[in-house]
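One structure is given below, encoded as structure tokens.
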Amino acid sequence: LEAKFHAFNTKNGKSYPDVKYQNFRSKKRILVTGGGGFVGSHLVDRLMYEGHEVTIVDNFFTGNKNNVEHWIGHNNFEMIHQDIVNPLFIEVDEIYHLASPASPPHYMFNPVKTIKTNTIGTINMLGLAKRVGAKILIASTSEVYGDPEVHPQPETYWGNVNPIGPRACYDEGKRVSETLSYAYAKQEKVSVRVARIFNTYGPRMNLQDGRVVSNFILQALRNETITVYGSGKQTRSFQYVSDLVDGLIALMNSNYSLPVNLGNPTEHTITEFAVIIKKLVGGKNKIQMVNAVEDDPQRRRPDITRAMTYLNWKPKIPLKTGLEKTIKYFKDELNRQNIHGFA
Ligand code: NAD
Ligand code: UDP
Ligand code: UDP
């Protein structure tokens, strides 16, 4: 069967990564919103390898068709170029709802649009799930905890968000997204899963997204000054993207419907992080403190007891391993774009 499948996949002269054969009963029709983005495209890879039928919907605001180009033309893959703020009528069994800008510069670029995507867009996806009886997983965020007064953050913590600050379009947007999910679950019996995702990094991150991982790697590779915002004493905990994909799939397939933190509890200050990246890249650049950003959360680390208990999930990839893979991707990508001609 597998040989037949491979032959089938190579029609039109294009060859595709091998995918598993799924029989009629186990093959699912899966929608990934934001499937052209960083996390979405890795999730698409995993679902395609498992042999499912995968449709992505994306407006390519922050995503990129290159992230999924290896699947274009494959019989199990479909790409819809659409804004999820507009209704979408298709037939699916599961929805991973990831469409939303994720990095602070991107979500602050057009705050009204960020709010619409996370409210109207989420209503549309919940409406779709309700109509077709699909299970839906919402990509929420550790930002629902705001600048947390409880450390590490368990899912039972209600958070500390400034409702009118520059991050509010995203934080409050995601909070409403969660509220909508449980309203549809209660009132319309939609089966919902809510993942509270903590800082995630890996290949296919948008090089220009302005997040700390991409900024520091680019600065180190280009021998520029590494810019630490504020004191550098603020902390984050970074998870590698394959761990997140494992967690998202485990959550979708579980019977657990309350929010679940997905993140790596290994915590570093941003200054420590700058030093780690500089060492791994092998640069001699300076690390400099520049102006702090408004409402920057000071500490962030997930309490992952829930994920360990109900999903039997915990992250596996150590920071050094994940960063090495990410640095390699950034080098290759810079070469490809011929921006700097790194050998
Ligand atoms: P990303 O920007 O790479 O991907 C988001 C995708 O959604 C992009 O392809 C973008 O074009 C698409 N999109 C945005 N608005 C849209 C709209 N209105 N209609 C259709 N498509 C739209 O970001 P990512 O890091 O892959 O994040 C994916 C999801 O995970 C987001 O919902 C984000 O909030 C959440 N999340 C990510 C992180 C992280 O560290 N990466 C942390 C917490 C939560
Ligand atoms: N919706 C969608 N696709 C569907 C079903 C619904 O995009 O397959 C949208 C629909 O346009 C509506 C939203 O989802 O705006 C919420 O749907 P719901 O059924 O909850 O609300 P209603 O249509 O009753 O306002
Ligand atoms: N940061 C930094 N230098 C940069 C980019 C970010 O010091 O060039 C800091 C930022 O102020 C925050 C942390 O790194 O404290 C993580 O920022 P990021 O934008 O990656 O994600 P956040 O977790 O804030 O959403």
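Counting only DSSP H runs of at least 4 residues, each contributing -39500 (n - 2.57), and dividing by the residue count of the chain, the helix-based mean residue ellipticity at 222 nm comes to -11500 deg cm²/dmol. Determine, from the Cβ-Cβ distance of R46 and Q298 and an R0 of 41 Å, the FRET efficiency 1/(1 + (r/R0)^6), rounded to the nearest 0.05. Here the calculated transfer efficiency is 0.75. Projecting the Cα atoms of Y229, L126, N199 onto the charge dipole of the chain (Cβ charges, centred on the Cα centre) puts N199 farthest toward the positive pole.
Length gained on full extension, I276 to S257, computed as 0.36 nm times the residue gap minus the Cα-Cα distance: 3.1 nm. Under a model in which nothing but the beta-carbon of Lys, Arg (+1) and Asp, Glu (-1) is charged, the range 109-165 shows a dipole of about 540 debye around its Cα centre.
One quarter of the surface of the convex hull around the alpha-carbon atoms of the chain equals 17.6 nm², the direction-averaged projected area.
Taking Cα centre as origin and charging only the Cβ of basic (Lys, Arg, +1) and acidic (Asp, Glu, -1) residues, the dipole magnitude of the chain rounds to 540 debye. Seen from all directions on average, the range 1-135 presents a Cα convex hull projection of 8.2 nm². Each residue, T227 and D18, gets one label point 7 Å from its Cα in the Cβ direction; the gap between the two is 4.6 nm. Spatially, the range 298-326 and the range 190-266 are offset by 9 Å when compared through their Cα centroids.
A Cβ-based charge dipole, computed about the Cα centre of the range 96-220 with Lys and Arg at +1 and Asp and Glu at -1, lands at about 580 debye. Cross-link reach is defined here as a Cα-Cα straight distance under 29 Å, omitting same-chain residues fewer than 8 places apart; for K20 the lysines meeting it are K4, K11, K28, K65, K135, K314, K316, K325, K328.
Using every pair of distinct Cα positions in the range 61-115, the Kirkwood expression returns a hydrodynamic radius of 13.6 angstrom. The equivalent ellipsoid that matches the C-alpha gyration tensor of the range 57-192 spans semi-axes of 26, 20, 13 angstrom, in descending order. In this simple spin-label approximation, Q288 and H268 carry label points 7 Å from Cα along the Cα→Cβ vector, and these lie 2.2 nm apart.
Across the options Y49, V32, F109, the greatest Cα extent toward the positive end of the charge dipole of the range 29-117 (unit charges at beta carbon of Lys, Arg, Asp, Glu) belongs to F109.
The range 181-250 gives an Rg/Rh value of 1.15, both radii derived from C-alpha positions and Rh following Kirkwood.
The numbers here are math on the coordinates, done by the rules we state, and not lab data. Just so you know, these numbers come straight off a predicted model, no measurement behind them. Reconstructed Cβ throughout: ideal geometry from the backbone, glycine too, with neighbour counts over all protein chains shown.
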